[in-house]
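Below is one structure, written out as structure tokens, with a few remarks after it.
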Amino acid sequence: MAKKDKKKSADDSKLIQELNQLLATYQVFYQNLRGIHWNIKGQNFFDLHVKFEELYTDAQLKIDEVAERILTLGHQPLHTYSDYLKQSLVKEAKNITKDVDAVRMITENLTILIKFEKATMKHADGDQSTEDLLTQFIVYQEKTLWMFKAWLG
């Protein structure tokens, strides 16, 4: 195997590892969103309940897109919660019922996702489909992050 081929193979392996970690992170983020959607209380309930549903629906779509990208690249996506919990960059959020706590959790999780997606793009190394997918994610998330930071004041 030529030196360039070895480098490409190593880059591919790193990309798949990072895509699986992104998948795991999205799965935990998704469940965090479901939890706050179900458990939010207070005067902002109606607005946030709807917004959280929008976010978890989006996260669910992204989960599927990441898993299918891994499959398209000829590898197997993670698919167990035990793997997700080991690999996720975001932590489980438990028993969050207050609006400010929920929005802070979202901003923290989005910040982690954006940073990791940008780092993962470096290992895509010319894989335009993966780069485009991650770029779409980042654009939406940066706008969402800005809006939630504005909500927090």
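The values are calculated or read from the model by the stated rules, or taken from the named source; none is laboratory data. All values reported here derive from a predicted model rather than from experimental measurement. Note that we place each Cβ from the backbone using ideal geometry, even for glycine, and neighbour counts take in every protein chain shown. When the accessible area is computed, the model is the full protein with side chains, heavy atoms only, and any ligands, DNA or RNA have been set aside. Shrake-Rupley method; radii C 1.70, N 1.55, O 1.52, S 1.80 Å.
Descriptive notes on the structure:
- Residue match in the range 39-56 (condition: without any contact (Cβ under 8 Å) to a residue 60 or more places away in the chain, under 14 Å from F148 (Cβ atoms) and among the hydroxyl-bearing types (S, T, Y)): no
- The helices (runs of 4 or more DSSP H) found wholly in the range 64-153 and carrying at least 2 residues that are farther than 17 Å from Y30 by Cβ and of a type in the set (D, E) occupy 99-124, 128-152.
- Of all the residues in the range 76-100, those that are open to solvent by 70 Å² or more (accessible area, probe 1.4 Å) and either over 19 Å from the mean Cα position of the chain (by Cα) or among the acidic types (D, E) (or both) number 3.
- Top-ranked residue in the range 113-135 [being closer than 13 Å to L15 by Cβ and β-branched (V, I, T); ranked as surrounded by the most Cβ atoms within 10 Å (Cβ to Cβ)]: T130
- A single member of G35, G42 is modelled with pLDDT of 95 or more, assigned to a loop (DSSP other than H, G, I, E, B), of a type outside the set (S, T, Y) and open to solvent by less than 60 Å² (accessible area, probe 1.4 Å), and it is G42.
- Residue satisfying all of: in the range 64-103; in contact with a Leu (Cβ under 7 Å, 6 or more places away or on another chain) and of a type in the set (D, E, K, R); farthest from E142 (Cα to Cα) among these: R69
- Yes/no for Q21 being modelled with pLDDT of 95 or more, surrounded by 12 or more Cβ atoms within 10 Å (Cβ to Cβ) and not basic (K, R): yes
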